[in-house]
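Notes for the one structure printed next.
The values are calculated or read from the model by the stated rules, or taken from the named source; none is laboratory data. Note that this is a predicted model, so its numbers are computed, not measured. Every residue, glycine as well, gets a Cβ built from its backbone with ideal geometry; the counts of neighbours run over all protein chains shown. Remember, those area values only see protein heavy atoms, side chains included, never the ligands or the DNA or RNA. Shrake-Rupley method; radii C 1.70, N 1.55, O 1.52, S 1.80 Å.
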Amino acid sequence: MKRVFLFFILLLCCVPFTAYGLDVPRLEGYVNDYAGMIHSSTKSKLEEALRGFEQSDSTQIVILTIPSLEGENIEEFGIKAAERWKIGHQGKDNGILFIVSKQERKIRIEVGRGLEGKLTDLMAGRIIDQIVKPKFKQSDFDGGFIAGISALISTMRGEFKAGQKPVQRKQRNFPPFLTFLLFLGIFILILGSLSRILGGIAGALGLPALVYLTVLPVGILIVIFLALVGLGAGFFLPSLFFAKGSRGGGYRDHGGGFFFGSGMGGHSIGGGGFSGGGGSFGGGGASGDW
Amino acid sequence: MRKGSFFIKLVLSVFVLAALSGCGYNTMQKNEEGVKAAWGDVEATYQRRNDLIPNLVEVVKAYAKHEKETLTAVTEARAKVGAMQVPKNIIDDPKAFSQFQEAQAGMSSALSRLMVVVERYPDLKANQNFKDLQHQLEGTENRINVARTRYNKAVEVFNTSIRIFPNNLTNKFLLHLSLKEPFKAEPGAAKAPQVKF
């Protein structure tokens, strides 16, 4: 009983907790027009320009329009969206988020850390005040977006080159998948020490669930395959522990094979489609209204 | 007998596991570095604001000569912040930390009073230099907010990590790290000066 209790405490220590803001919508592409302010022809024009700019300069500019801030500050919403979407490339931090809230008539340009040198708060403020605002005031939203984006592009041009490899820091984290796998092994051992069938069931259920939740959603065939592997492990693993002392060395090798051999390789981030590249933001940029 | 040896193996493997995931040792170190980095950002953003103030005062002075008092208050608050000796271990030192926070809050409120005064001078508000400075000031205040929020988050993560089991044992016997101070919300400091046209 005590063992099981201890195990659960250890497990609780490892449960990752994630904080979610409330209402940052999904990132769908370069232009996320949730307020319906942009004509479809303008939208495709903007998307084309932004895609071209990312291909040539690797700087990511993303537009977001929302119907209302619902009482939130546009600066706070902006940084929240930027942190969630992670626009820009990791190591270069070259993302720009252009946010417009329709009801409050607020504009914000959120600038990634890597671009703060070129697109200073002052520059961003001028783009809002002198280029975007006059057009928005005349309800010419399409014109405002086009003029604003082209001003941003011409400011940023040449700051980064596509294909330039940023300096990558090596991550030495213990992947969560392996940690959970180790705990699953222990869990199977505990159950298996009570009854082999229980251990087998735990393995058959646990391994596919683990892979499904921590690595990536896999197809039904792989789930069945993993269930079989888990079942085998659940039967096999406890018996190795129960083996007489002289065979202790043997289980180690096998244990290694089981724990690490069936690890499904690296994580895959963002299963296709459009996504941010891990750029970070420090609150730079400017706001305005019209 | 069989049961006994199994139990020993189990306990051993639990310990090996704990050692593998570092018994929190690495986590705590990493989190402390996280707090330090976040603190560095906080200091840098406050410094940025301080650097901005002389320009702002100059521009306002040119248009609003009669607001000597408010301008002096800003200059004095800046001098106070500038004169403050920030100790290296400020994040471990609640007293120094609250002094720092107080001085910066004084700066914030002096600045917001200045921004209220400015409302009375339409010429000044139309001045391009002033507009630019205003954007920079707003941006800086926003950065301060972001840096403070991130610092507080890092502190929360760190403080949690040294208090939970089994990390608290590791910390007690090996690392001896102390809880870090978070920023507390203050009426003056939490709010950026609101500048409306």
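Just a few scattered comments:
- Among the criteria (1) touching a residue at least 12 places away in the same chain (Cβ under 8 Å); (2) away from chain A (no Cβ under 14 Å); (3) not in a loop (DSSP other than H, G, I, E, B), the one B:LEU179 does not fulfil is (3).
- Residue match in region A:72-79 (condition: modelled with pLDDT of 90 or more, aromatic (Phe, Trp, Tyr) and part of a helix (DSSP H, G or I)): yes
- Some residue of region A:131-147 being away from chain B (no Cβ under 14 Å), part of a strand (DSSP E or B) and not charged (D, E, K, R): no
- Selection status of B:SER112, in contact with a Gly (Cβ under 9 Å, 6 or more places away or on another chain), buried (at least 19 other Cβ atoms within 10 Å of the Cβ) and either in contact (Cβ under 8 Å) with a residue 24 or more places away in the chain or not in a helix (DSSP H, G or I) (or both): no
- Those residues of region A:132-155 which are open to solvent by less than 30 Å² (accessible area, probe 1.4 Å) and not hydrophobic (A, V, I, L, M, F, W, C), in sequence order: A:GLY143, A:GLY144, A:GLY148, A:THR155
- Filter result (surrounded by 14 or more Cβ atoms within 10 Å (Cβ to Cβ) and out of contact with any Leu (no Cβ under 7 Å at 6 or more places or on another chain)) within region A:22-33: A:VAL24, A:LEU27, A:GLY29, A:ASP33
- Scanning region B:136-157 for residues that are polar (S, T, N, Q) and at the interface with another protein chain (Cβ under 7 Å from one of its Cβ atoms) yields B:GLN136, B:ASN142, B:ASN145.
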